[in-house]
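The values are calculated or read from the model by the stated rules, or taken from the named source; none is laboratory data. Fair warning: this is a prediction, and the values are worked out from it, not measured in the lab. Here the Cβ positions follow ideal geometry from the backbone for every residue, glycine too, while neighbour counts run over all protein chains shown. Side chains are part of the model used for accessible areas, which takes the heavy atoms of the whole protein and leaves out ligands, DNA and RNA. Shrake-Rupley method; radii C 1.70, N 1.55, O 1.52, S 1.80 Å.
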Amino acid sequence: IGKNRASCSQKSLAELNSYVPVHVHTEKLEYEFLKNFQVVVLTDSSFDEQIQIGKYCHDYGIKFIVADTKGTFGY
């Protein structure tokens, strides 16, 4: 609680597959930055940001995943 979810879960996520590098970016997302990746995972983002980044990823063939929790519900 009170900590960045991506930063807190990075180590555990990276341990799932040692062949997949896992990077955390907590600064403002710039589209040029996203071009460096094959997969983009968003958490704690607004619906508008999800739509905009999802469209950008689709246009550039980047896989796109959104994950979040709201109380006891998650998606």
- line: Within the chain, DSSP-loop GluC sites (Glu not before Pro) with at most 12 other C-beta atoms within 10 Å are Glu27, Glu30
- prompt: For the residue pair Tyr19 and Leu34, what label-to-label distance in nm results when each label sits 7 Å from Cα along the Cα-to-beta-carbon direction?
  reply: 2.7
statement: Here P(r) for the chain, Cα-Cα distances in 10 Å bins, as whole percents, is 16, 50, 32, 3
- prompt: Carbon and sulfur: what percent of the chain's accessible surface (1.4 Å probe)?
  reply: 55
statement: Ranked by GNM mean-square fluctuation in the chain (Cα springs under 10 Å), the top entry among Lys28, Lys63, Lys55 is Lys28
task: Sequence neighbours fewer than 8 away in the same chain don't count; with that in mind, list the aspartates and glutamates whose C-alpha is under 16 Å from Lys70.
output: Asp44
- line: For Leu42, the residues 5 or more places away or on another chain with a placed amide H closer than 5 Å to its own amide H are Ile65, Val66, Ala67
